[in-house]
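The values are calculated or read from the model by the stated rules, or taken from the named source; none is laboratory data. On a predicted model such as this, the values are computed, not experimentally measured, just so you know. Neighbour counts are summed over all protein chains in view; Cβ atoms, including those assigned to glycine, are modelled from backbone coordinates with ideal geometry.
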Amino acid sequence: MITQTFSSNIRRKEMEAVLTCMVNETVGPGDMNKRLISQAKEFFHVEGAVAVRSPGIALKFALDCLAMEKGSKIAISPLAPMWHLSTVIEYGLEPVFVDVDPQSGVISREELQKAAADGLSAVILYAPFGGVSDSFDVVNSGLVAIEDISESCGAFFYKNLNEDGSYEEKIMAGGVCPYTIVGLEDRDSLTAGGGALLLARSRRDSAPLRSRAEEAPLTDILPDINCALGFVQLREFSKNQEVCKKIETVFAESLLSTNHTRLQQVPLQEARNAEKSVYSFPVVINGSMQSLTEFTKKKEIQVATAFENRIIAKMELPECKNARALYLRTALFPLYFRLSEKDIEKISKTLQFLP
């Protein structure tokens, strides 16, 4: 049986929550939407949140709250999902593509500084596959930032980490920028079968978000049937991440015997001050992607081209050489908490003998 790259990660308890909504005839936005918002505020340690029907709507809400003017320049990652680009264009903003760090795949600090010197108004920070962005430095630089942690829920930063391992504060990803998007689509870290959360860090940030949500049409707000699924997913998330971390350790040890490497996922300058979350198992291939997929297919393992549906896959962008290299060379191996012991062993052995 072929081991799929992705899994819905939906268990019986999640489906029971959805069925309860259907039985109670509370399918549209209602009490479960409020419960999901309350839980998200507690989990991410933020002051405000809304649950909407798509990540694109969440981004529009954030841009409205920041009062972004039409024609303003906004930096986006070439490795980001296409909805980043389509939303900012629809909003009337000018996208500026900023190349990424070659090891981690997050927007390069140096390249962002160059773009900022040319009249940049804002940036959407996106860290792929459990990674961590340089959000502290970006916010401290004075640049307006929106963060997308759809694939990096559970990552965090240490504020003022000391040599002895002590620190002033542990901050969850999503607690640094004024507004943060948490996608709830089928391949995000959390899923509600669709939709997104938009988090507001402080009370000052939550006031315009609350006003924006109150004036929004009901069709923008996430229905209870989706919120029920998202609620249970978020409640179980930390436990599921612990399972994934153990699997990741096994896979990482297997990969050491090859000439391939893992995507760093945290910029080297931030590596000591941050800890990533687990999302799939991204491998940077030192060789042919075709040879890799042919090999894994024989082992009955489905491997995906990591950035196949991203901006870089749809546009040339010759100025983004690092993003292009990662697009051509990065593969995603299956890693999710529902993997059986047999699948874990099969993937581990396959990683160990990659061509």
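Residues of the range 109-125 that are assigned to a loop (DSSP other than H, G, I, E, B) and crowded, with 20+ Cβ neighbours inside 10 Å: LEU120 alone. The set of residues in the range 294-303 being crowded, with 23+ Cβ neighbours inside 10 Å and among the basic types (Lys, Arg) is empty.
Just so you know, in the range 67-80 the residues that are in contact with a strand residue (DSSP E or B) (Cβ under 6 Å, 6 or more places away or on another chain) and buried (at least 18 other Cβ atoms within 10 Å of the Cβ) include one that is farthest from SER152 (Cα to Cα), and it is ILE74. Residue selection: LEU317 fails the criterion of being closer than 30 Å to LYS114 by Cβ, hydrophobic (A, V, I, L, M, F, W, C) and in contact with a Gly (Cβ under 8 Å, 6 or more places away or on another chain). Could you grab me the full set of residues in the range 304-319 that are outside any helix (DSSP H, G or I), crowded, with 20+ Cβ neighbours inside 10 Å and out of contact with any Phe, Trp or Tyr (no Cβ under 6 Å at 6 or more places or on another chain)? Selection gives ALA306, ARG310. Counting residues in the range 167-176 that are buried (at least 24 other Cβ atoms within 10 Å of the Cβ), at pLDDT 90 or above and in contact with a Ser or Thr (Cβ under 8 Å, 6 or more places away or on another chain) gives zero. Among residues of the range 266-293 being at pLDDT 90 or above and over 15 Å from THR330 (Cα atoms), the one that is surrounded by the most Cβ atoms within 10 Å (Cβ to Cβ) is VAL278. The number of residues in the range 297-348 that are out of contact with any Ser or Thr (no Cβ under 7 Å at 6 or more places or on another chain), over 22 Å from SER104 (Cα atoms) and either outside the structural domain of SER257 (by TED's automatic domain parsing) or not aromatic (Phe, Trp, Tyr) (or both) comes to 8.
Within the range 193-208, residues that are assigned by TED's automatic domain parsing to the domain that holds LYS34 and under 11 Å from LEU222 (Cα atoms) sit with their Cβ atoms under 9 Å from residues that are surrounded by 19 or more Cβ atoms within 10 Å (Cβ to Cβ) and among the polar types (S, T, N, Q), at 6+ positions apart or across chains, in these pairs: GLY193/ASN226; GLY194/ASN226; GLY195/ASN226; ALA196/SER150; LEU197/THR180. Applying a threshold of 9 Å to beta carbon distances and a minimum spacing of six or more residues, or different chains, the list of pairs starting in the range 210-227 at a residue that is β-branched (Val, Ile, Thr) and ending at one that is at pLDDT 95 or above and part of a strand (DSSP E or B) reads ILE221/VAL50; ILE221/ALA51; ILE221/VAL52. Can you name the residue in the range 217-244 that is under 21 Å from GLU147 (Cβ atoms) and hydrophobic (A, V, I, L, M, F, W, C) and is also surrounded by the most Cβ atoms within 10 Å (Cβ to Cβ) among such residues? Looking at residues that are under 21 Å from GLU147 (Cβ atoms) and hydrophobic (A, V, I, L, M, F, W, C), I get LEU222. Residues in the range 83-108 that are out of contact with any Ser or Thr (no Cβ under 9 Å at 6 or more places or on another chain) and of a type in the set (D, E, K, R): GLU90 only.
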